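We did not get these values from a lab; they are worked out from the coordinates using the rules stated. Since the model is a prediction, treat every value here as computed from it, not as a measurement. Cβ placement follows ideal geometry from the backbone for every residue including glycine, while neighbour counts extend to all protein chains displayed.
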Amino acid sequence: MEISLGEENGMHAEPIRIGAKEIPVRIIKKRIRNSYARVKNGEVVIELPASLGSKASAKTVLSLRDRISKAILSNPGRYLLDGQLRFADGQLTRPLGTEFRICILRAARSTCSARVSGNTITAYIPESTPPSASEELASKVISKVLSEASGRRLGEIVEKINSSGPKSEVRRLIVKPSRRVWGYYSTKDGSLMLNTKLLYAPYQILEYVVVHELVHAKIRSHSRRFWDMVRSFIPDYKERRRWLRENSFTITS
Ligand SMILES: [Zn+2]
């Protein structure tokens with residue numbers, strides 16, 4: 001029923017250390033042809049073909065681990081915020097192409113909140129928040145209000161995709177941050193949930209997730225019939241699915 005952000009198993013390799021931070025490295029053997037590494041939810045996942053021998057596996061893990069360490073070092077903020085979008089004070093952000101300016105203020109209060117006024121999103125964080133934690137804290141509340149602010153525009157896009165695609169019933173659209181799934185369709189109440197990160201994804205990726213979930217309104221399982229229907233609307237769905245698996249960590253605010 002959902003597009004999972006990953007599977008929960010595997011062996012571990014030596015963690016990658018960046019400053020005081022340790023990033024776990026997980027290794028998964030699978031029936032795939034090529035090895036690759038990615039960062040997901042604050043950890044590095046290295047996938048290897050199940051057929052690869054132990055010597056070759058060790059060598060591949062070392063080289064992929066080295067390559068991804070360099071990528072993380074060159075832009076740690078992008079990789080290490082646990083799947084959450086990151087926002088900085090003064091930043092311009094364009095969810096679905098609409099521009100907003102981000103403003104992060106310290107205020108005499110005990111909780112964190114954010115609001116949208118015109119094209120400015122202001123986050124208020126408690127004065128007591130240590131500077132190292134303020135951006136992460138602000139990013140969480142900004143993601144939430146941004147989801148609400150973009151809801152109408154996203155609703156129009158979903159309607160367009162749906163009417164020229166699966167034509168399923170969508171009674172409610174929910175946009176929210178999730179570390180686990182890209183989207184979810186509930187046959188119980190006809191609601192469609194989409195991950196806030198999709199507001200920044202290439203249109204084709206958003207389209208694929210919407211079609212995937214709305215086909216679930218008709219076929220619940222990932223059966224042959226399900227994928228045939230997805231393909232009838234998106235002939236190159238496999239490529240888009242792969243992009244989501246391999247490059248989604250490049251989606252930033
Ligand atoms: Zn699915």
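Remarks
- Comparing 11, 193, 229 in a Gaussian network model of the chain where C-alpha atoms under 10 Å apart are linked, the largest mean-square fluctuation is found at 11.
- Comparing 125, 139, 25 along the charge dipole axis of the chain, the residue lying farthest to the positive side is 25, per the Cβ-charge model.
- Rounded, prolate or oblate (a/c below 1.5 giving rounded, otherwise prolate when a/b exceeds b/c) for region 154-250 by Cα gyration tensor: rounded
- Rounded to 0.05, the FRET efficiency of the residue 52 and residue 247 pair, given R0 = 30 Å and the Cβ-Cβ distance, is 0.85.
- Efficiency of FRET from Cβ geometry, residue 204 and residue 133, R₀ 35 Å, rounded to 0.05: 0.50
- Put a dot 7 Å past the Cα of residue 109, heading toward its Cβ, do the same for residue 219, and the two dots end up 4.8 nm apart.
- For the pair residue 63 and residue 181 in one chain, pulling the backbone fully straight at 0.36 nm per residue adds 39.5 nm over the alpha carbon distance.
- Multiplying the residue separation of residue 163 and residue 91 by 0.36 nm and removing their Cα-Cα distance gives an extension gain of 22.4 nm.
- Cα gyration tensor category, rounded, prolate or oblate, for the chain with a/c compared to 1.5: oblate
- Spin-label pair residue 120/residue 17, simplified geometry with 7 Å Cα→Cβ offset, distance in nm: 4.5 nm
- Net dipole in debye of region 108-180 [+1 Lys, Arg Cβ; -1 Asp, Glu Cβ; about Cα centre; nearest 20]: 320 debye
- Placing +1 on the Cβ of every Lys and Arg and -1 on the Cβ of every Asp and Glu, with no other charges, gives region 154-250 a dipole of roughly 380 debye about its Cα centre.
- Shown for region 128-253: lysine pairs separated by 8 or more places, or found on different chains, whose C-alpha atoms are under 14 Å apart, numbering 7.
- Distance from the alpha carbon centroid of region 131-148 to that of region 16-46 works out to 26 angstrom.
- Ellipticity estimate at 222 nm from DSSP helix runs (n ≥ 4, -39,500 (n - 2.57)) divided over the chain, nearest 500: -12000 deg cm²/dmol
- Partner lysines whose Cα lies under 19 Å from the Cα of residue 70, excluding those fewer than 8 positions away in the same chain, are identified as 21, 40, 59.
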